[in-house]
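Contents: one structure, followed by commentary.
Where a number appears in this text, it was derived from the coordinates with a stated rule and is not lab data. What you are looking at is a predicted structure, and each value in this text was computed from that prediction instead of being measured. No Cβ is skipped: glycine too gets one built from the backbone with ideal geometry, and neighbour counts run over all protein chains shown.
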Amino acid sequence: MSDNINPDHYTKGGVETIDFIKAKMTPEEFYGFIKGNALKYVSREGLKSEKLTDKIDDCKKAIWYLEQMIQVYQTDLKILEVKAKQDEWIDDPLLDEDWFKQTSPLPYMQKGRQIFL
């Protein structure tokens, strides 16, 4: 379905453009890409034109990218929950830090061996 946020030409060639971009980037690069696009649409909201519909479209595009960021976090959380159920933690009852560093594109804060999610 075509709309101003995801028009039909985004799937020209049989693949969604965002899926192609994701396939060509590392998880870290892709996360930076979606975060940058969210910031782009928020920061330029209202600068393209004074039309309310254009302002609304920029806000909707920012929301779309923010939702993609949320999906990345939710995926990481689900993976951690599965690992917790499988009791695959090394020495931390909440998190296998080495595994998380290797697989997550997300930044995290570390204090000693504690990870704050």
**Request:** Past 26 Å, Cα to Cα, is the threshold; run Lys12/Lys35; Lys61/Lys85; Lys24/Lys48; Lys22/Lys61; Lys22/Lys60; Lys24/Lys85 against it and keep the listed order.
**Result:** Lys61/Lys85; Lys24/Lys48; Lys24/Lys85
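Can you tell me how much longer the chain between Cys59 and Met25 gets when fully stretched, taken as 0.36 nm per residue apart minus their C-alpha distance, in nm with one decimal? Provide the component values of the computation, followed by the final result.
Details: separation 34, 0.36 × 34 = 12.24 nm, distance 2.54 nm.
Between Cys59 and Met25, full extension yields 9.7 nm more.
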**Request:** Give me the net charge of Lys40's neighbourhood, meaning all other residues with Cβ under 11 Å from the Cβ of Lys40; Lys, Arg count +1, Asp, Glu -1.
**Result:** +1
